[in-house]
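Below you'll find the structure, written out as structure tokens, and then a few comments.
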């Protein structure tokens with residue numbers, strides 16, 4: 001007779017055991033996380049969702065599935081991620097651990113999020129689909145703005161035009177323009193003289209317009225401040241122009257004396273007040 005252990009290893013015994021396992025009732029995951037009131041069951045459903053996400057993330061790595069299949073799998077992964085978030089919130093409501101803070105976020109980091117479309121992520125080969133690859137191509141960042149110190153580094157004599165004549169281009173152009181201006185003035189003067197000679201115009205009939213002198217007062221003040229050198233040696237020295245009234249030595253001595261008087265008065269003021277009180 002065969003032993004009991006040998007009977008258990010027969011094909012019929014193994015088929016019977018598998019058949020009995022299939023008949024066991026499998027608990028279905030509720031459609032809404034709010035329908036579950038047990039923390040342990042909620043954690044079990046969360047682990048179940050994580051397992052499904054892992055399988056689909058591994059499946060979406062195959063680029064040979066086709067565009068439509070990849071898009072469908074990517075949609076299912078995003079749906080499962082949202083469902084996982086609902087179960088994590090439900091676990092926290094049931095006084096369970098906060099998996100959003102302490103839980104691993106490996107699955108979330110594997111996806112790439114499109115700029116401006118927060119929440120939806122692309123995984124695996126879905127990131128290289130036509131129309132998706134262009135979404136991840138961001139414009140280059142604008143160049144950083146220069147500070148005032150960096151801008152001042154580029155300012156030199158060329159910035160103010162002090163060395164514009166060194167290139168040998170401006171001076172010839174200025175001379176040519178000067179010649180044209182002189183020739184135009186000479187031509188106008190000759191035409192005027194011919195008209196006067198023919199009697200068409202007189203010198204008295206010409207309207208003379210006086211050009212107003214701009215900054216005339218400032219020029220007079222500048223001329224008054226500049227002193228003529230008395231000798232040839234003083235003419236070689238650079239003159240200092242004072243734009244404010246400089247006090248003389250006598251005025252300085254008087255001002256110091258007044259300040260001393262005020263200081264003495266302020267120091268003796270309490271003594272004088274006490275004396276006046278005693279007299280009263």
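Considering each residue of the range 84-103, count those that are in contact with a helix residue (DSSP H, G or I) (Cβ under 6 Å, 6 or more places away or on another chain) and modelled with pLDDT of 85 or more, and give that number.
Of the residues in the range 84-103, the ones in contact with a helix residue (DSSP H, G or I) (Cβ under 6 Å, 6 or more places away or on another chain) are 84, 86-88, 90-91, 94, 96, 98-100.
Among the residues that remain, those that are also modelled with pLDDT of 85 or more are: 84, 86-88, 90-91, 94, 96, 98.
Residues that pass the stated criteria total 9.
Restricting the first residue to the range 112-137 and requiring it to be over 14 Å from residue 61 (Cα atoms), which pairs with a second residue that is loosely packed, with under 11 Cβ neighbours inside 10 Å and at pLDDT below 75 meet a Cβ separation below 7 Å and a spacing of at least six or different chains?
115/138
Can you confirm whether residue 53 is touching a helix residue (DSSP H, G or I) at 6+ places or on another chain (Cβ under 8 Å) and closer than 18 Å to residue 120 by Cβ?
Details: touching a helix residue (DSSP H, G or I) at 6+ places or on another chain (Cβ under 8 Å): yes; closer than 18 Å to residue 120 by Cβ: yes.
It is true that residue 53 is touching a helix residue (DSSP H, G or I) at 6+ places or on another chain (Cβ under 8 Å) and closer than 18 Å to residue 120 by Cβ.
Give the residues of the range 33-70 that are under 20 Å from residue 88 (Cα atoms) and in a loop (DSSP other than H, G, I, E, B), sorted by residue number.
Answer for the range 33-70, where residues must be under 20 Å from residue 88 (Cα atoms) and in a loop (DSSP other than H, G, I, E, B): 36, 37, 38.
The values are calculated or read from the model by the stated rules, or taken from the named source; none is laboratory data. What you are looking at is a predicted structure, and each value in this text was computed from that prediction instead of being measured. Positions of Cβ are backbone-derived with ideal geometry, glycine not excepted, and every protein chain shown enters the neighbour counts.
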